[in-house]
Amino acid sequence: MKYPKKDLIQPMSGSRWQHIWSGFVGDKLAVMALIIFAFYCIVALLAPLVAPYDVKDPAFMDLMNAEIAPMWISGDPRFLFGTDAQGRDLLSVILYGTRLSLTIGLCAVLIQATLGICIGLAAGYLGGRIDNFLMRCADIQLSFSNMMVAIVFLAIFQSLFGVAMYQQLAMVMLILVIGLTEWPLFARTIRASVLAERQKEYVDAARVMGLSSKRIMFRHILPNTLSPVLVIFTVQIANAIVAEAALSFLGLGMPATEPSLGSLISAGFAYMFAGSWWICVLPSMTLIILILVMNLLGDWLRDHLNPRTYKD
Amino acid sequence: MPTPLIQISGLEKAFPTNESWLGQWRFQHGKLKRRKDSVHALNGVNLTINQGETLCVVGETGCGKSTLARVIMGLTQPSAGEIHYLDQRIDQLNNRQRMVFRRRMQMVFQNPYASLNPRMTVYQTLSEPISFHNPQLSTSQVDEQIDALLESVGISASSSDRYPHEFSGGQRQRISLARALSVEPDFIVADEPLSALDVSVQAQVLNLMMDKQEERNLSYLFITHDLAVVEHFATRVAVMYLGRVCELAPTRTLFSAPKHPYTKALLSAIPRLDTNTAQPIRLIGEVPTPINKPVGCVFQARCPYANQRCYEQSPAMMMQGDASSVACHAIEEGRL
Amino acid sequence: MNLLSVSNLHVNFHMKERELAALIDVSFTLNRGERIAIVGESGAGKSVLGFSIVNLIGKPGYIHSGSIKLEDKELTSMNARQLQAIRGKRIAMIFQDPMMTLNPVLTIGDQLVEAIRNHTKISYKDARSIAIEKLHHVQIASPEKRFDQYPHELSGGMRQRVIIASVLLLNPDIIIADEPTTALDVTIQAEILQLLLAICRDNGVALVLISHDLGVVSKVAERTLVMYAGQIVEEGPTLEIINDPQHPYTQGLLNALPQMTLPGQRLNQIQGSMPSLAERPSGCAFHPRCPYATQKCKQQQPDFIYSGVSSVACFLVEDMLNEFADHDQEAQ
């Protein structure tokens with residue numbers, strides 16, 4: 001060997017994720033948000049174990065117990081958060097509802113992200129006419145209000161296949177509708193970062209090596225564009241949950257037999273001024289805290305994954 | 001005379017100016033006309049690169065030297081002209097056909113901070129081309145090659161699991177060179193590989209490149225604006241101006257007896273350490289942007305010796321007595 | 001009295017975990033009309049020094065201790081308003097990238113006129129004629145036309161000329177030029193350097209040229225300071241430093257230049273690279289890369305010593321001088 005061992009250059013130290021993690025631990029608000037979010041996720045996952053009542057049990061609904069106030073008001077030890085108009089234990093219903101809402105949000109955003117990433121990568125890397133075509137599609141998609149598309153689509157589906165069929169497929173339909181309407185956000189973000197990355201010399205270096213476009217796109221460019229995606233991902237889950245809640249509130253979401261947070265709020269709204277405020281307010285609070293926490297996490301990620309703050 | 005490794009003839013490249021389809025229409029004499037403007041980066045470049053030599057291309061910003069590198073490497077398609085590798089034409093190949101030549105020709109880039117993928121470790125960066133071009137190799141053979149390669153460019157093999165940002169600029173440029181060498185090429189295009197580095201580190205990288213040339217009988221096309229490096233490193237030098245080669249000469253000849261008025265101005269402008277150098281020759285104006293294909297000599301607008309013929313007719317490369325060739329009417333006519 | 005005197009300047013960067021020293025005990029003086037150069041590689045702290053002279057170092061950097069005196073006025077203790085009056089009027093700065101100083105949405109003329117009227121009370125018309133005169137002064141062809149153009153319509157060299165014109169507007173005493181020609185081509189670099197030199201000579205302006213290019217420095221500066229890792233390691237007349245460098249780093253830097261070796265030979269390289277602020281070695285900061293480093297260099301920081309050619313901070317030179325002195329004594 002031409003070079004003696006001791007002369008070889010050792011790299012400088014320091015790791016990106018370590019840096020980000022140490023920044024995270026120092027930020028109390030972010031840690032708190034993460035803890036609350038983790039709590040939501042665990043509780044939602046373990047809903048069947050944690051919930052005091054089984055929602056699928058026919059005995060669960062008992063009109064005799066309808067509209068009992070939360071424990072700290074009524075003093076009834078059976079129902080911590082009281083019961084709703086059908087006599088269901090509100091705590092159990094909220095737990096299952098959170099689980100549904102989170103599932104719908106996550107799945108919908110997974111669809112959005114997959115579609116958006118593929119389209120954005122293709123548009124940004126291939127450029128030219130493909131780029132023009134795909135981006136005009138995105139513009140058209142964005143020019144429709146997502147809510148409007150969802151409402152029209154779900155309403156048509158309901159009237160075509162009947163309410164019974166709809167209630168069976170409600171969750172899948174919601175995921176598809178929310179998932180398919182919001183891809184342009186991902187596509188545009190990815191495309192913008194791909195355009196920036198494509199100028200960099202490592203992409204030219206990969207081309208000079210003779211690697212295929214597909215490999216360059218997914219192996220070289222994609223990993224470098226993922227930080228903004230991660231940020232949108234968290235924020236979009238929150239948005240998807242809100243969209244689902246809104247649709248459910250309008251009566252186009254989950255059926256009352258299998259309520260999500262949105263349909264709970266919607267159902268409870270009627271009793272709001274009849275004195276049974278908790279049926280509406282408690283699920284609302286759950287939803288608001290969940291969305292707030294997710295947005296906090298998204299903001300934190302945006303601030304700290306920004307490559308400009310971490311100079312290499 | 002042996003066949004040159006690379007032969008470039010009449011190479012042209014025009015980039016359309018970035019105007020949308022709607023912006024290309026304009027009113028002229030009461031008629032709506034569509035007009036496409038383009039920037040002519042290369043206007044007929046003829047060069048040969050011999051085996052084992054270093055051809056330096058020098059010129060100022062916008063003279064088309066980087067475009068030349070990209071066209072040779074097949075990163076951009078030329079508008080006209082031919083490129084031959086030994087005796088095969090390579091400028092019209094598609095990706096698959098080009099694959100054979102990818103192994104023979106490699107490139108080192110200018111910016112050490114952008115030329116390595118930030119999300120890939122040094123090991124990944126190097127193993128990808130090796131296993132891509134040699135699918136028959138086993139993992140341990142690839143590992144062996146990477147270790148040898150890294151140590152040969154002076155990077156400790158134990159640091160191959162690190163990411164590029166953990167290395168300094170000079171170290172990254174070494175890794176870039178290792179990547180280019182990983183497929184065992186015999187021709188390397190280096191596009192300003194030193195310009196982002198400090199003087200002391202420049203010397204390290206330049207030494208490394210010279211060592212590798214000796215070891216592997218590499219040929220370099222070395223693109224730079226730093227004439228001090230050229231003087232030290234080059235076998236022959238091509239001076240480019242506005243997409244054309246205006247003087248091509250062996251290094252010593254060029255530096256001792258520059259002929260083209262532009263070369264003279266360029267050489268006089270280098271800030272040298274000795275204090276008794278002559279005043280730099282002042283050129284009139286600045287480098288124009290070649291929106292229209294130039295008529296006549298490309299240097300006419302700034303040349304102190306330009307006459308009517310220079311405005312009308314483009315000068316051809318003329319072989320001179322001392323093995324240099326110059327494209328200049330004034331020299332041809334004996335005015336200079 | 002010196003026009004500018006910097007003494008024992010320490011500049012720190014306040015990072016999350018700890019304080020990093022960017023400048024350590026930097027002292028130098030500048031006389032009226034003198035042209036000095038600060039040379040070093042990237043990370044040597046030369047730009048930080050330029051910025052701290054006008055107290056422009058942004059967060060997280062701050063002046064930890066030391067003094068910067070413009071004639072008899074202490075700059076480190078001035079408030080923002082007093083500094084504002086000094087900057088531009090008495091000390092002007094030229095940056096590597098002219099677009100850092102030029103506002104892309106205002107015409108060249110508007111920016112020049114604004115700069116004049118900020119510091120002196122004159123009419124727009126008078127200010128305009130001064131501005132055009134200065135544009136003419138920096139050899140810009142048809143200044144009336146350029147006056148109404150936007151920065152992006154000019155080439156890089158032209159923009160740098162505009163910057164020089166804007167600097168001249170208020171007749172400053174000192175111009176600090178931070179890599180003014182690095183972004184330019186060689187032929188234009190030569191012109192800008194000549195212009196800068198002529199202007200300083202004609203108007204008696206002192207120049208602090210910050211550069212990494214020893215060739216550029218040798219053309220312009222009378223005196224040179226060589227910086228390494230936040231410290232000045234050698235100071236002396238430019239010619240002497242180039243012809244007879246004392247500090248091993250200066251020697252290495254000069255020997256690494258391609259023109260110092262015969263064509264085709266291996267260049268003389270300095271091993272390794274400049275340490276980052278966080279990884280400053282103990283003792284003399286250059287010792288890990290120094291071919292002559294001894295145990296002493298690893299432990300102690302060398303003091304400045306006049307070698308007969310230049311002032312150097314190096315034990316090697318110190319030992320050599322002591323040896324000579326001993327010899328002399330023995331001879332006597």
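The values are calculated or read from the model by the stated rules, or taken from the named source; none is laboratory data. Since this is a predicted model, take the numbers as computed values, not measurements. Positions of Cβ are backbone-derived with ideal geometry, glycine not excepted, and every protein chain shown enters the neighbour counts.
List every residue pair whose Cβ atoms lie under 6 Å apart, where the two residues are 6 or more positions apart in sequence or sit on different chains, the first residue falls within region A:206-232 and is among the hydrophobic types (A, V, I, L, M, F, W, C), and the second residue, located anywhere, is outside any helix (DSSP H, G or I) and surrounded by 17 or more Cβ atoms within 10 Å (Cβ to Cβ).
What qualifies is A:208/B:73; A:208/B:107.
Check residue B:132 against each of (1) aromatic (Phe, Trp, Tyr); (2) more than 30 Å from residue C:260 (Cα to Cα); (3) under 21 Å from the mean Cα position of the chain (by Cα) and name the one condition it does not meet.
All conditions pass for residue B:132, except number (3).
Against the definition (touching a Cys at 6+ places or on another chain (Cβ under 8 Å), buried (at least 22 other Cβ atoms within 10 Å of the Cβ) and within 11 Å of chain B (Cβ to nearest Cβ)), how does residue C:249 come out, yes or no?
Working: touching a Cys at 6+ places or on another chain (Cβ under 8 Å): yes; buried (at least 22 other Cβ atoms within 10 Å of the Cβ): yes; within 11 Å of chain B (Cβ to nearest Cβ): yes.
Yes.
Looking only at region C:254-313, filter to residues that are basic (Lys, Arg) and without any contact (Cβ under 8 Å) to a residue 60 or more places away in the chain; which one of those is nearest to the other protein chains (Cβ to nearest Cβ)?
Within region C:254-313, the first condition is being basic (Lys, Arg), and the residues that meet it are C:266, C:280, C:289, C:296, C:298.
Right, trim to without any contact (Cβ under 8 Å) to a residue 60 or more places away in the chain and you get C:266, C:289, C:296, C:298.
On the way: C:266: 5, C:289: 8, C:296: 22, C:298: 17 Å.
Checking each candidate, the answer is C:266.
Just to check your reading of the model, which residue among B:238, B:249 is of a type in the set (A, V, I, L, M, F, W, C) and more than 24 Å from residue B:289 (Cβ to Cβ)?
Going through B:238, B:249 in turn, just one is of a type in the set (A, V, I, L, M, F, W, C) and more than 24 Å from residue B:289 (Cβ to Cβ): B:249.
Out of everything in region B:153-164 that is out of contact with any strand residue (DSSP E or B) (no Cβ under 7 Å at 6 or more places or on another chain), of a type in the set (Ser, Thr, Tyr) and not in a helix (DSSP H, G or I), what residue ends up being nearest to the other protein chains (Cβ to nearest Cβ)? It would help to see each step written out before you state the result.
At the first step, the residues of region B:153-164 found to be out of contact with any strand residue (DSSP E or B) (no Cβ under 7 Å at 6 or more places or on another chain) are B:153, B:157-164.
Now drop any that are not of a type in the set (Ser, Thr, Tyr), which leaves B:158-160, B:163.
Pick out the ones that are also not in a helix (DSSP H, G or I) and you get B:160, B:163.
Working: B:160: 10, B:163: 7 Å.
For region B:153-164, the residue satisfying everything is B:163.
Among the helices (runs of 4 or more DSSP H) lying completely within region C:214-332, list those that include at least 3 residues that are within 24 Å of the chain's Cα centre (by Cα) and not hydroxyl-bearing (Ser, Thr, Tyr). Even if it seems obvious, please write down each step before you answer.
On the way: elements: C:214-220, C:238-243, C:248-255, C:295-299, C:315-331.
It comes to C:214-220, C:238-243, C:248-255.
This table checks each residue for (1) within 14 Å of chain A (Cβ to nearest Cβ); (2) under 29 Å from residue A:220 (Cα atoms); (3) crowded, with 18+ Cβ neighbours inside 10 Å; (4) modelled with pLDDT of 90 or more.
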position	(1), (2), (3), (4)
B:54	no, no, yes, yes
B:58	no, no, yes, yes
B:64	no, yes, yes, no
B:67	yes, yes, yes, yes
B:87	no, no, no, no
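Among the listed residues A:171, A:165, identify the single one that is more than 21 Å from residue A:238 (Cβ to Cβ), in a helix (DSSP H, G or I) and among the aliphatic types (A, V, I, L, M).
On the way: A:171 fails: more than 21 Å from residue A:238 (Cβ to Cβ).
Exactly one of A:171, A:165 is more than 21 Å from residue A:238 (Cβ to Cβ), in a helix (DSSP H, G or I) and among the aliphatic types (A, V, I, L, M), namely A:165.
If a residue must be touching a Lys or Arg at 6+ places or on another chain (Cβ under 9 Å), more than 14 Å from chain B (Cβ to nearest Cβ) and surrounded by fewer than 21 Cβ atoms within 10 Å (Cβ to Cβ), how many such residues does region C:144-167 contain?
Of the residues in that region, 2 qualify.
I'm checking my understanding of the structure. Among residues of region A:196-205 that are touching a residue at least 12 places away in the same chain (Cβ under 8 Å) and not hydroxyl-bearing (Ser, Thr, Tyr), which one is surrounded by the most Cβ atoms within 10 Å (Cβ to Cβ)? Write out each step before concluding.
Of the residues in region A:196-205, the ones touching a residue at least 12 places away in the same chain (Cβ under 8 Å) are A:197-198, A:202-203.
If we keep only those that are not hydroxyl-bearing (Ser, Thr, Tyr) too, we end up with A:197-198, A:203.
On the way: A:197: 21, A:198: 16, A:203: 23.
It comes out as A:203.
Hey, among C:66, C:88, C:58, C:109, which residue is over 21 Å from residue C:184 (Cα atoms) and in contact with a strand residue (DSSP E or B) (Cβ under 6 Å, 6 or more places away or on another chain)?
Values: C:88 fails: in contact with a strand residue (DSSP E or B) (Cβ under 6 Å, 6 or more places away or on another chain); C:58 fails: in contact with a strand residue (DSSP E or B) (Cβ under 6 Å, 6 or more places away or on another chain); C:109 fails: in contact with a strand residue (DSSP E or B) (Cβ under 6 Å, 6 or more places away or on another chain).
On inspection, the qualifying residue turns out to be C:66.
Can you tell which of A:69, A:155, A:85 is out of contact with any helix residue (DSSP H, G or I) (no Cβ under 8 Å at 6 or more places or on another chain) and over 27 Å from residue A:191 (Cα atoms)? Please lay out each step first, then the result.
Values: A:69 fails: out of contact with any helix residue (DSSP H, G or I) (no Cβ under 8 Å at 6 or more places or on another chain); A:85 fails: out of contact with any helix residue (DSSP H, G or I) (no Cβ under 8 Å at 6 or more places or on another chain).
Exactly one of A:69, A:155, A:85 is out of contact with any helix residue (DSSP H, G or I) (no Cβ under 8 Å at 6 or more places or on another chain) and over 27 Å from residue A:191 (Cα atoms), namely A:155.
Does any residue of region C:316-323 turn out to be crowded, with 17+ Cβ neighbours inside 10 Å and either among the aromatic types (Phe, Trp, Tyr) or within 30 Å of residue B:53 (Cα to Cα) (or both)? Spell out the reasoning first.
Our first condition is that a residue be crowded, with 17+ Cβ neighbours inside 10 Å; within region C:316-323, this holds for C:316-318.
From what's left, either among the aromatic types (Phe, Trp, Tyr) or within 30 Å of residue B:53 (Cα to Cα) (or both): none.
Scanning region C:316-323 turns up no residue that is crowded, with 17+ Cβ neighbours inside 10 Å and either among the aromatic types (Phe, Trp, Tyr) or within 30 Å of residue B:53 (Cα to Cα) (or both).
Which residue, of A:268, A:251, is part of a loop (DSSP other than H, G, I, E, B), under 26 Å from residue A:173 (Cα atoms) and away from every other protein chain (no Cβ under 14 Å)?
On the way: A:268 fails: part of a loop (DSSP other than H, G, I, E, B).
Unique residue meeting the criteria: A:251.
Return only the number of the condition from (1) within 27 Å of residue C:41 (Cβ to Cβ); (2) facing another protein chain (nearest Cβ under 7 Å); (3) part of a loop (DSSP other than H, G, I, E, B) that residue B:119 does not satisfy.
All conditions are met except number (1).
If residue A:230 meets every condition in (1) at pLDDT 85 or above; (2) under 18 Å from the mean Cα position of the chain (by Cα) apart from one, which number is that one?
Condition not satisfied by residue A:230: (1).
Look at region B:195-223 and say how many of its residues are part of a loop (DSSP other than H, G, I, E, B), at pLDDT below 90 and not polar (S, T, N, Q).
3
Output the qualifying pairs, or none if there are none: Cβ atoms under 8 angstrom, residues six or more apart or on different chains, first residue in region C:114-141 and over 28 Å from residue C:194 (Cβ atoms), second residue aromatic (Phe, Trp, Tyr) and assigned to a helix (DSSP H, G or I).
Close Cβ pairs satisfying both conditions: C:117/C:124.
Hey, among the residues in region A:158-195 that are under 29 Å from residue A:221 (Cα atoms) and over 23 Å from the mean Cα position of the chain (by Cα), which one's surrounded by the most Cβ atoms within 10 Å (Cβ to Cβ)?
A:194
If residue B:150 satisfies all but one of (1) more than 8 Å from chain A (Cβ to nearest Cβ); (2) more than 30 Å from residue C:254 (Cβ to Cβ); (3) of a type in the set (A, V, I, L, M); (4) in a loop (DSSP other than H, G, I, E, B), what's the number of the condition it fails?
The number of the failed condition is (4).
Kindly check whether there is at least one residue in region C:247-254 that is of a type outside the set (S, T, N, Q), modelled with pLDDT of 90 or more and farther than 25 Å from residue C:281 by Cα.
Scanning region C:247-254 turns up no residue that is of a type outside the set (S, T, N, Q), modelled with pLDDT of 90 or more and farther than 25 Å from residue C:281 by Cα.
Please go through region B:91-116 and give me each residue that is within 23 Å of residue B:224 (Cβ to Cβ) and part of a loop (DSSP other than H, G, I, E, B), ordered by number.
Scanning region B:91-116 gives B:109, B:110, B:111, B:112, B:113, B:114, B:115, B:116.
Please indicate, with yes or no, whether at least one residue in region B:301-321 is in a strand (DSSP E or B), touching a Cys at 6+ places or on another chain (Cβ under 9 Å) and either of a type in the set (A, V, I, L, M) or more than 9 Å from every other protein chain (Cβ to nearest Cβ) (or both).
Residues of region B:301-321 that are in a strand (DSSP E or B), as a first pass: B:318-319.
With the extra rule that they be touching a Cys at 6+ places or on another chain (Cβ under 9 Å), the set shrinks to B:318.
Add one more test, that the residue is either of a type in the set (A, V, I, L, M) or more than 9 Å from every other protein chain (Cβ to nearest Cβ) (or both), and what stays is B:318.
Yes - at least one qualifying residue is present in region B:301-321.
Scanning region A:25-51 for residues that are exposed (fewer than 15 other Cβ atoms within 10 Å of the Cβ) and among the small types (Gly, Ala, Ser), which turns out modelled with the highest pLDDT?
Of everything passing the filter in region A:25-51, A:38 is modelled with the highest pLDDT.
Looking at region B:94-112, which of the residues that are within 11 Å of chain A (Cβ to nearest Cβ) and farther than 27 Å from residue B:206 by Cα is surrounded by the most Cβ atoms within 10 Å (Cβ to Cβ)?
Residue satisfying both the conditions and the ranking: B:98.
Is there a residue being in contact with a strand residue (DSSP E or B) (Cβ under 6 Å, 6 or more places away or on another chain), crowded, with 18+ Cβ neighbours inside 10 Å and either within 12 Å of chain C (Cβ to nearest Cβ) or part of a helix (DSSP H, G or I) (or both) anywhere in region B:241-258?
Checked against the condition, which is being in contact with a strand residue (DSSP E or B) (Cβ under 6 Å, 6 or more places away or on another chain), crowded, with 18+ Cβ neighbours inside 10 Å and either within 12 Å of chain C (Cβ to nearest Cβ) or part of a helix (DSSP H, G or I) (or both), region B:241-258 yields at least one hit.
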